[in-house]
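The values are calculated or read from the model by the stated rules, or taken from the named source; none is laboratory data. On a predicted model such as this, the values are computed, not experimentally measured, just so you know. So basically every Cβ, Gly included, is an ideal-geometry build from the backbone, and we count neighbours across all protein chains shown. In case anyone asks, the SASA skips ligands and DNA or RNA and just uses the protein heavy atoms, side chains included. Shrake-Rupley method; radii C 1.70, N 1.55, O 1.52, S 1.80 Å.
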Amino acid sequence: MTSVDVTVRGAGIFGLSIAWACSSRAARVRVVDPFGPGAGSSGGLVGALAPHVPENWNPKKAFQLDSLLMAETFWAEVEDVGGVSSGYGRTGRLQPVANDAGLDLARARGDGAKALWQGQAVWEVIRVEEAGSFAPDSPSGWLIRDTLTARMSPRRAGAALVAALRARGVEIVQDAADEGQVVWATGWQGLLALNATMGRKVGDGVKGQSVSLRYDARAAPQVFVDGLHIIPHVDGTVAIGSTSEREFDDPASVDAQCDTLLERACAAMPDLRGADEIGRWAGVRPRARSRAPLLGAWPDRNGHFVANGGFKIGFGMAPKVAQVMADLVLEGRDEIPDGFGFAACFGK
Ligand SMILES: Cc1cc2nc3c(=O)[nH]c(=O)nc-3n(C[C@H](O)[C@H](O)[C@H](O)COP(=O)(O)OP(=O)(O)OC[C@H]3O[C@@H](n4cnc5c(N)ncnc54)[C@H](O)[C@@H]3O)c2cc1C
């Protein structure tokens, strides 16, 4: 007789969320991570939960929408059980509109959102003057505002999940043997290990760097400008991310690219200039070869499962990933979109 039903390997946002979903269904769960919770890419600063654009709809976008809509309840329950704030808030997002063509496109996407977002959030254009004080300038005088985008503080969210899991008696340990079903949520190192085990490329890692400033705009929408996420957090900080580096020697080092991030953010939001810098952080995003999440049974390894490939939107995807993985692992029910399996990686 085993003492746990599910062993989750990896205590990042995927592993902890899956452990949470399984424990919510009364499964006995143990989480194993030799480096501890949040040691991988989930231990960063940024935390945008931002939707795909509402057009050219596909299963990945629909899955992400479900996940973003689940997030408020997901994080409220985690906070309620563990008593630790995740920093979650559905504070929305502003994006500048470059010109008339951009304005037409933004309005068309607003129509798309009406049809696709199930009346649960809006995508609209507003005049710059209608935005609050924490808003970017816009060449056209217009901004896109959406009310679906949310933020969470990655480190707080990890701590909130750890507290909630412990409150339910879930062990989080550095080493333990496999017991019960085994879920591998081991991030980019796990993708490299899969490449080696399977003898073909499943995925790899893409490094990212980010910066955090002391600047209190906690109730304001986040800003997406010039490819940058500028995110006011609940603790009176603003996170700026991120670089995207396919080639890197040191997964954790920060360098002058952070200065460039900061300069670009200050050019877009001059009020940030002079704010105290309180941190720089680098991590490696797990990127499956399909560029979609990689979820499902481990081929030819009975009782083992993989949840990986969160890439740039792992935090936003986590609630729904946790749900479908618990369905699969505990009930044998496969609700995972076709494009999220191993076949999608090998087919390329
Ligand atoms: C700079 C930067 C900014 C980002 N910004 C955002 C954002 O704004 N919004 C968003 O949604 N996403 C963002 N991401 C992406 C997000 O961080 C990832 O998608 C997410 O953290 C992946 O979670 P994970 O649990 O799969 O992997 P990880 O967090 O990397 O966790 C994997 C864990 O597995 C452990 N591990 C490794 N090998 C083993 C083993 N053999 N046994 C047990 N454990 C093992 C590691 O120690 C680690 O703790 C960003 C990433 C970076 C780098």
In segment 73-89, whose amide N lies under 18 Å from the spot 7 Å out along Cα-to-Cβ of R168? List them in ranges. 73-86
Using the alpha carbon gyration tensor of segment 2-93, what are the three equivalent-ellipsoid semi-axes (square root of 5 times each eigenvalue), largest first, in whole Å? 26, 16, 15
Long-range amide H partners of Y88, meaning residues 5 or more apart or on another chain whose placed amide H is closer than 5 Å, are S153
List the equivalent ellipsoid semi-axes of segment 57-142 in whole Å, largest first, each obtained as the square root of 5λ for an eigenvalue λ of the Cα gyration tensor. 29, 19, 9
Placing +1 on each Lys and Arg Cβ and -1 on each Asp and Glu Cβ in the chain, then taking the dipole about the Cα centre, the residue among V173, G208, T147 whose Cα reaches farthest towards the positive end is V173
What residue among T186, T197, T147 has the largest mean-square fluctuation in a Gaussian network model of the chain, using Cα springs under 10 Å? T197
Heavy-atom accessible area of segment 199-348 with neighbours in place, 1.4 angstrom probe: carbon+sulfur share in percent works out to 46
Using eta = 1.306 mPa s and T = 10 °C, Stokes-Einstein with Kirkwood Rh from Cα pairs puts D for segment 123-171, in µm² s⁻¹, at 114
Difference of contour (0.36 nm per residue) and Cα-Cα distance, A26 to R127: 31.4 nm
How many angstrom lie between the C-alpha centres of segment 132-189 and segment 210-235? 16
Only helices counted: for the chain, with every DSSP H run of 4 or more residues adding -39500 (n - 2.57) and the sum spread over all residues, [θ] at 222 nm is -10500 deg cm²/dmol
Pull up the cross-link candidates among the lysines for K114, meaning alpha carbon to alpha carbon under 17 Å and not fewer than 8 places away within one chain. K61
Do any GluC sites (Glu not before Pro) in segment 262-348 lie in a DSSP loop with no more than 16 other beta carbon atoms within 10 Å, and if so, which? E335
Taking segment 95-178 as the region of interest, what is the percent of Cα-Cα pairs per 10 angstrom bin, listed from the shortest bin to the one with the maximum distance? 15, 29, 20, 15, 15, 6
Ranked by how many other beta carbons lie within 10 Å on average, peptides 304-311, 239-246 from highest: 304-311, 239-246
Which order, highest average first, do 67-79, 16-28 follow once you tally other Cβ atoms within 10 Å for each residue and take the mean per peptide? 16-28, 67-79
A correct Stokes-Einstein calculation for the chain, using the alpha-carbon Kirkwood radius, 25 °C and 0.890 mPa s, returns a whole-number D in µm² s⁻¹ of 119
Between A115 and N302, what length comes free when the chain is fully extended (0.36 nm per residue of separation minus the Cα-Cα distance, one decimal in nm)? 63.2 nm
Apply the a/c threshold of 1.5 to the C-alpha gyration tensor of segment 56-100 and tell me whether it is rounded, prolate or oblate. oblate
Using the Kirkwood radius over Cα pairs of segment 181-280, the Stokes-Einstein translational diffusion coefficient at 37 °C and 0.692 mPa s, in µm²/s and rounded to a whole number, is 213
Cα Rg, Dmax (largest Cα-Cα span) when computed across segment 1-157, Å: 19.1, 67
Using a Förster distance of 25 Å, the FRET efficiency for F35-K201 (Cβ separation, nearest 0.05): 0.55
The chain accessible area per residue, 1.4 Å probe, protein heavy atoms, integer Å², reads 42
